[in-house]
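Taking it in order: structure first as C-alpha cells, then the write-up.
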Amino acid sequence: MFIKHSLFVLSCLVVVSLAEECQNNWRQIRKRLNASKAKWALKASSPSCYSMTLEKQCFCTEEYRGPHALEIVDGVVQDTSMFATEMPTVSELFDLVEKYCVKDCPESGAASCRVRFDRELGYVKELWIDVSALIADEEIGYFVSNVQFCE
C-alpha cells in the first residue's frame, strides 16, 4: 500500500511540475512566435515559393526522419514521395508551436516544448515537443535548415 501511495504522489508531482513548465514558458513562447511570424511574413514578402531541409527526430524509421530536401509552393510540399508529403511547411510548424506550446497553456499544453526561431527570417529552426511525460517515445523534434526563396 505504501508503494502505491508513493507512486501516486510522485506522479502527481511530475504532472504539477510539467504544468508549471508550461505555465512559466507559454507567454514567452507566444511573444517570440508572434514576432517570428511577423518577421517571416516581412522578410519573405510573400513566401509562396521556398525550399528547405527538414529533419525529424522521433521514434520512427530512418527514411521518415530524413533529412528531406523540400520545395514548397503556395503552402504545398511539391515532392510527392511517401514521407515528404507528411513533412510540415514553415506555416505548419508555426501552427504546431501554437497548438502545443501556447494555445492550451497553462492548463493542458505539451509537457515540454522547446522552440528556436531563425533570427533573420523568423521561421521555426528547431522544435521539440513532448506531449506527455507519462508516455514513452511520443516525443518529436523538427530541425529546419537551408531555407531559400525561389527566384
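Once all protein chains are placed together, C58 keeps about 30 Å² accessible to a 1.4 angstrom probe. Listed by chain and number, the aspartates and glutamates placed with their C-alpha closer than 12 angstrom to that of K37 are E92, D95, E98, D118, E120; residues fewer than eight positions away on the same chain are left out. The aspartates and glutamates within cross-link reach of K99, meaning a Cα-to-Cα straight distance under 17 Å and a gap of 8 or more places when in the same chain, are E21, E107, E126, D130, E138, E139. Counted residue by residue at 0.36 nm each, then reduced by the alpha carbon distance between them, the extension gain from F83 to A41 reaches 12.4 nm.
Excluding same-chain neighbours fewer than eight residues apart, the lysines reachable from K39 by a Cα-Cα span under 16 Å are K31, K125. Taking 7 Å steps out from each Cα toward its Cβ at N146 and V76 produces label points 2.4 nm apart.
The values are calculated or read from the model by the stated rules, or taken from the named source; none is laboratory data. Bear in mind that the values here come from a model prediction, so they are computed numbers and not experimental data. Positions of Cβ are generated from backbone atoms using ideal geometry, with glycine treated the same way; all protein chains shown enter the neighbour counts. Heavy atoms of the whole protein, side chains included, go into the accessibility calculation; ligands, DNA and RNA do not. Shrake-Rupley method; radii C 1.70, N 1.55, O 1.52, S 1.80 Å.
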